[in-house]
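Just below is one structure, and these are the notes that go with it.
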Amino acid sequence: MATTITMPQLGETVTEGTVAQWLKSVGDSVDKYEDFVEVSTDKVNAGVPSPVTGTIREFLVKEGETVATGTPIAVIDEVGAATLAAPAASTAPAAATAAAPAGPAPQAAQSSPAASSPNGSPAPAAAAVSELELEGALRGASPAVRRLAREHRIDIRAIKGSGSNGRVTADDVLAAARTGAPAPATPAAAAAIPPGTRTSTYAQPIPGTTVPLVQARKIIAERMVESKHTAPHAWSMVQIDVTNVWKWRAREKERFERETGFKLTLLPFFIRAVVESLAAFPLMNARFVPASAGGQPSIYVSDEVNIGIAIGLPANLVVPVVRGADKLSIKGLAIKGGDLIDKARKNKLGVDDLAGGTFTVNNNGANGSWASAPIINGGQAGIVTMETVVKTVVVRDDDSLAIRSIMNCCLSLDHRVVDGYVASGFLAELKRRLEAMGPQGDL
Amino acid sequence: MAVVSSTNSTVMNNVEAVRATLYEAMKNDERTVILGEDVGARGNVFLITKDFIGEFGERRVIDTPIAEASIVGIAVGMAMEGLRPIAEIQFADFIYPSFNQIVGEAAKIRYRSNGEYTCPLVIRTPYGGGVRGALSHSVSIEALFYHVPGLKIVAPSFPDDVKGLLNAAIDDPDPVLFLEHKKTYRLIKGEVPRGHYTIPLGKANVRKAGTQLTVVSYGLYLHWALEAAERLAEEGLSVEVIDLRSIRPMDKTAILNSVEKTRKLLIIHEDNKFGGIGAEISAMVAEEALFSLDSPIRRLCGPDVPSMGYAMPLEEEFMSSPAEMADAMRAMVKF
């Protein structure tokens, strides 16, 4: 793959740079992070490291020539990006005792992190240099670009920027994430240190490291094991035709967002149908109460309908609760749900927002999931999922064909509380109610 | 006068909307009292209260001396004792003598009396430039007051918002500073629904939806920002324009939702830049949504000079134009 290198911006107010000297010739190989050109501006003279490992194909600017930042200055034919990190780490110890790998010119070796280590313990130096250089490459990257690059594990140095002066924009990162651009090379240091002695975080895990559990993660782990061990899970799925409710949503969406500031998703419609179905099947809104000392086990049928909404976050899973969901209209559910989702994303949920759930809804379809087998939230009889909405050709009762929007809906149930008879009745009710919604009406 | 456009609404300009709303308030609630300089016999310098004194009498439409501290001070007392005073400061440039009455008294009554008294007072005042008003007829004063808890500040730009927000201000149990941009008085026309309605204080309005840049503005500049955004739309660039409407309380949710979508924020206001409304919005977005930002926040505001000049070139130098706004928007979209 050919990578075009542009004149870097060597300072916030610098708008142009002069190619003082090419440190390589056309046809030379160049390592990632290796300086291949010296650039001078009215403020600094600096070596510019190659963002990739490869072979110099072409210089686009002559020595002594001054060009605007962002102007292409060279083309490098890149060798496989994925193999970069490992060779760098594994050749490092060898470099101390044997000759450096073929290729790098003397002055290049000065700045090549792996080859420059003088004493056979290259890891800390290598990490420091590469992070420093990474920071250099990130300079000018906006907070949104940095965040998105982290979230999607995109190496922004490998992206061609479409912004002013070749700046990588947030949209560039998202486009790269869709097309599968190179991930950042794992720091060479990570591989050189024995596994388990280095730690990273759940949101940004690094291979070969240990992720200590934060309190929330510990609780999730414990609750999941407890629920899966104590509540015998059974599973069922229905297909629901959401064509009409989808149309209804589309009709109301813009006005709703304008009036309330919240997005109108399918979720509040679904929760409304769930709540109505729970009213028809109260055993689904119940919990199994184990025998206390000397007593008998029982089932408590709740008189409140509090719907938990499972929300996945990068480092966490939270289930805020819409209390009194049976007393809210679709509009009310959309506002309350939107508010809870906002709070969850901003990490602002309070204890009250999380307590008292009697049944849980998991909107699982956003990323295209077609079916899933969720684990029941402890102390509830069931959890139901919304899977991805797919346009499908269906055969209707009169044998005609139609294109309809179909959503799978999966239910995990606590078999101590309900049997298939009740569960399938509940699912059938949910299907019937959701299919009866729309294509118009009052929210 | 107003043209009847449909059975449910009337086309009005901003000054007619103020007049119609005040008239209905006087008609519907005997507690409503209007006081200020020239509001009676003269019927206000923009003729907003023309003939009111004849219909409602001089006990409810009160001509005051040129004494702004007294206008607000008397109104505070009326409000505390159960009336619904609507005090007028003839031009915002003259509001300074009443600063103590507004900030030191009106805004603090509820707190000071431990909730025993409230101060349901509306202070209306025309503000803003573009009318060659120079030193004493063109100032923007919102930033002097928005620091003060207990005071609400509203600055509508369209006639329908003028009516809905003025009604809400009159209904509100606490003091509201109601800012009317005088250049928009006759310039801006629009449909105004019939009958009594309110628009909640503290709610912004997305006047134009877009995806690549969020622009927050209010007052005269809101209209120019919309004009600039339309120019960019013709170039294929998509700008979202939020009409702030209420300066305090500020609609954080609307701004943050928009910025999270567009990732870029430009604040445009006529008031001086330093310590202006844009500073607060910038700080709020930097605190709440830094990691959504794909470019530095920008403010296009009045320069830090004491006043607009009277000479046309000096006034133009002070004020931004739709073309300047379009340039700023374009640069940010393309950043």
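The values are calculated or read from the model by the stated rules, or taken from the named source; none is laboratory data. What you see is a predicted model; the values in this text were computed from it and never measured. Counting neighbours? That spans all protein chains shown, and the Cβs are built from the backbone with ideal geometry, glycine included. Please note that ligands, DNA and RNA were not included when accessible areas were found on the heavy atoms of the full protein model with its side chains. Shrake-Rupley method; radii C 1.70, N 1.55, O 1.52, S 1.80 Å.
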Solvent-accessible heavy-atom area per residue, rounded to whole Å², over the protein assembly as shown at 1.4 Å: 47
Rounded tilt (10° steps) of B:252-262 against the dominant C-alpha axis of chain B: 20
Above-threshold pairs, the threshold being 29 Å between Cα atoms, out of A:Lys331/B:Lys189; A:Lys218/A:Lys391; B:Lys163/B:Lys208; A:Lys348/B:Lys152; A:Lys391/B:Lys208; B:Lys182/B:Lys273: A:Lys331/B:Lys189; A:Lys218/A:Lys391; A:Lys391/B:Lys208
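Using only atoms on other chains, find how many Cβ atoms lie within 10 Å of each Cβ of peptide A:257-267 and report the average.
Neighbouring Cβ atoms belonging to other protein chains average 2 per residue here.
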Chain B: angle of helix B:322-333 to the longest principal axis, Cα-based, in degrees nearest 10: 50
Cα centroid separation, segment B:129-203 to segment B:47-119 (Å): 16
Other protein chain Cβ atoms within 10 Å, averaged over every residue that makes up B:286-294: 5
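Here are some pairs, B:Lys252/B:Lys334; B:Lys108/B:Lys264; A:Lys24/B:Lys334; which of them have Cα atoms lying more than 31 Å apart in this structure?
Correct reply: B:Lys108/B:Lys264; A:Lys24/B:Lys334.
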Summed buried accessible surface, chains B and A, 1.4 Å probe, nearest 100 Å²: 1300
Cα-based helix-to-principal-axis angle, B:220-234 vs chain B, degrees rounded to 10: 30
Sequence ranges A:301-308, A:234-241, ranked by mean other-Cβ count within 10 angstrom, highest first: A:301-308, A:234-241
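Quickly rank A:169-180, A:201-212 as a protection proxy: mean count of other C-beta atoms within 10 Å, highest first.
Top to bottom by mean Cβ count within 10 Å: A:169-180, A:201-212.
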Protection proxy ranking of B:139-146, A:367-374 - average other beta-carbon atoms within 10 Å, highest first: B:139-146, A:367-374
Test item: B:251-257 mean partner chain Cβ contacts at 10 Å: 3
Cβ-placed point charges (K, R +1; D, E -1), dipole of the protein assembly as shown about Cα centre in debye, nearest 20: 1500
Simple Cβ-charge dipole of segment B:1-136, Lys/Arg +1 and Asp/Glu -1, about Cα centre, in debye nearest 20: 240
